[in-house]
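Got a structure here, written out as structure tokens. Questions coming.
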Amino acid sequence: MSIRLLRTIILALLVSLVSGSRVSAQCCATGSPVGASVYIGVIGEGQLRALSFFRHNYSNKYYHGGQQVDTGNILKHSQYNFAGIGLGYGLTKRFTLEADLGYFINKSQVFNYIDFTETGKGLSNGEVRAKYGLLIKPVQNIELTAGVGMRYPFSRTPQRENGVQLSRDVQPSTNAFGVSGLLFFNKGFPERKMRLFSMNKFDYNFSDKQDYQFGSVVYLAVFGTKMLAPNFMFLLQCRGEFKGQDRDNGVVRQNTGSTLVVLSPQLSYAIAGKWNLTLVYDMPVYKHYTGKQLTPGYSFALGLSRDFGLFKPRLKAFDPQQ
């Protein structure tokens, strides 16, 4: 089998993988519940990256504007458990293709004044992305990468239980298409065993069949890594999430839209120099919500990844993890 044919097969498998996946949701998980945040740049030519992760999120505090509200709350708490996998392939030194899929094991909300818990589960939206290294300078340890992505549902019909449609807050999918744009930069300082990153991402959601449109989301993040010891790396991220208001049949939906700032420490361990095990903990440090909304309390994720060298590159690849 020729190398060209094998590469074509791999690309076809990536597209097929995305065709059976979902990675979007609502409420406290409007976007993809991501695993770790260090796997953002391009991958070396001929390299295949496999990533799997589990994320748990718990929300139990209502906010109106920037103030916590302790009375008249409909829900006691909400939570979700999400498992996801992703693949990335370095088609060239500068061009990377990625595909993600995920499954909500449960997405639940527990009511305050009645003995009732509403739960949805299932696959989320599929997503495929293409990234291009606009500026890659291995000697200076610099990378500037731009990317575009597309999300799509596997069903345009909302999930139902016992003939009753579940609320949007526990639906595993948006039941709508979406697009995204990404701009990523990193700079390494080998003498200090450190690397600094910035990431800007924009998500736009189209309307579903019921003419409901989730608000656009802008993510702005800065973070850095530091080698603590052989095989141990520490990462600290500060992330801002700015969500626009939803629209229902063209009318702005009340109690939607928010500004959230999250501090996210992460610890990564290299197992036998091949597998990377990453633990992530998200702590909200600033919240401002339009109207009255249930807000996230905490979230943690556990990820496992590995890079596989499928083809020998023509030139030495730039490794953004060094």
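Would you confirm whether any residue within the stretch 167-182 is under 30 Å from LYS226 (Cα atoms), under 20 Å from the mean Cα position of the chain (by Cα) and of a type in the set (Ser, Thr, Tyr)?
Initial filter on the stretch 167-182 (under 30 Å from LYS226 (Cα atoms)): 180-182.
Keeping just the survivors that are under 20 Å from the mean Cα position of the chain (by Cα) gives 180-182.
After this cut, where a residue has to be of a type in the set (Ser, Thr, Tyr) as well, the list is 180.
Yes, the stretch 167-182 contains a residue that is under 30 Å from LYS226 (Cα atoms), under 20 Å from the mean Cα position of the chain (by Cα) and of a type in the set (Ser, Thr, Tyr).
Please go through the stretch 146-196 and give me each residue that is more than 24 Å from PHE82 (Cβ to Cβ) and surrounded by 18 or more Cβ atoms within 10 Å (Cβ to Cβ), ordered by number.
Scanning the stretch 146-196 gives PHE185, ASN186, GLY188, ARG195.
Check off (1) in contact with a Gly (Cβ under 7 Å, 6 or more places away or on another chain); (2) at pLDDT 95 or above for TYR286 and give me the number that stays unchecked.
Checking TYR286 against (1) in contact with a Gly (Cβ under 7 Å, 6 or more places away or on another chain); (2) at pLDDT 95 or above, the one that fails is (1).
Name the pairs: first residue in the stretch 172-195 and free of Cβ contacts under 8 Å to residues at least 24 places away in the same chain, second residue buried (at least 17 other Cβ atoms within 10 Å of the Cβ) and among the basic types (Lys, Arg), Cβ to Cβ under 8 Å, at least 6 apart or on different chains?
Here the result reads none, with nothing in the stretch 172-195 linked to a residue that is buried (at least 17 other Cβ atoms within 10 Å of the Cβ) and among the basic types (Lys, Arg).
Could you tell me which residue of the stretch 133-166 is nearest to LYS107 (Cα to Cα), considering only residues that are modelled with pLDDT of 95 or more and of a type in the set (Gly, Ala, Ser)?
Residue satisfying both the conditions and the ranking: GLY149.
If we only count strands (runs of 3 or more DSSP E) wholly inside the stretch 46-90, which ones have 2 or more residues that are within 25 Å of LYS287 (Cβ to Cβ) and without any contact (Cβ under 8 Å) to a residue 24 or more places away in the chain? Reasoning before the result, please.
On the way: elements: 47-65, 67-69, 75-90.
Hits in the stretch 46-90: 67-69.
Please go through the stretch 75-90 and pick out each residue that is crowded, with 17+ Cβ neighbours inside 10 Å and either within 30 Å of GLN47 (Cβ to Cβ) or under 13 Å from the mean Cα position of the chain (by Cα) (or both).
PHE82, GLY84, ILE85, GLY86, LEU87, GLY88, TYR89, GLY90, listed by residue number.
Taking the stretch 269-283 as the search range and keeping residues that are of a type outside the set (A, V, I, L, M, F, W, C) and more than 17 Å from the chain's Cα centre (by Cα), which one is modelled with the lowest pLDDT?
The extreme case among them is GLY273.
With (1) at pLDDT 95 or above; (2) crowded, with 18+ Cβ neighbours inside 10 Å; (3) over 26 Å from PHE206 (Cβ atoms) as the list, and LYS93 as the residue in question, which single condition is left unmet?
(1)
While we're on this one: Can you tell me which residue among GLU143, GLU118, GLU127 is acidic (Asp, Glu), surrounded by 15 or more Cβ atoms within 10 Å (Cβ to Cβ) and farther than 26 Å from ASP211 by Cβ? Don't jump to the end; show me each part of the working.
Details: GLU118 fails: farther than 26 Å from ASP211 by Cβ; GLU127 fails: farther than 26 Å from ASP211 by Cβ.
Sole residue among the options that is acidic (Asp, Glu), surrounded by 15 or more Cβ atoms within 10 Å (Cβ to Cβ) and farther than 26 Å from ASP211 by Cβ: GLU143.
Kindly evaluate THR259 against the criterion of being in contact (Cβ under 8 Å) with a residue 40 or more places away in the chain and of a type outside the set (Lys, Arg).
Answer is no for this residue.
For ARG55, are the conditions met, namely being charged (D, E, K, R) and over 19 Å from ARG151 (Cβ atoms)?
Against the criterion (charged (D, E, K, R) and over 19 Å from ARG151 (Cβ atoms)), ARG55 does not qualify.
When residues of the stretch 48-72 are filtered for being over 15 Å from VAL110 (Cα atoms), hydroxyl-bearing (Ser, Thr, Tyr) and in contact with a Pro (Cβ under 9 Å, 6 or more places away or on another chain), how many remain?
Count: 0.
If you don't mind, there's one more thing I want to ask. Considering every residue within the stretch 100-120, establish whether at least one is within 30 Å of GLY188 (Cβ to Cβ) and touching a residue at least 40 places away in the same chain (Cβ under 8 Å).
Yes, that holds for at least one residue.
OK, next. Identify, from the list ALA176, ALA130, the residue that is in contact with a strand residue (DSSP E or B) (Cβ under 9 Å, 6 or more places away or on another chain), part of a loop (DSSP other than H, G, I, E, B) and either on the phi < 0 side of the Ramachandran plot or at pLDDT below 95 (or both).
After ruling out the rest, the residue left standing is ALA176.
The values are calculated or read from the model by the stated rules, or taken from the named source; none is laboratory data. What you see is a predicted model, and the numbers here were worked out from it, not measured in a lab. Every residue, glycine among them, receives a Cβ derived from its backbone with ideal geometry; neighbour counts consider all protein chains shown.
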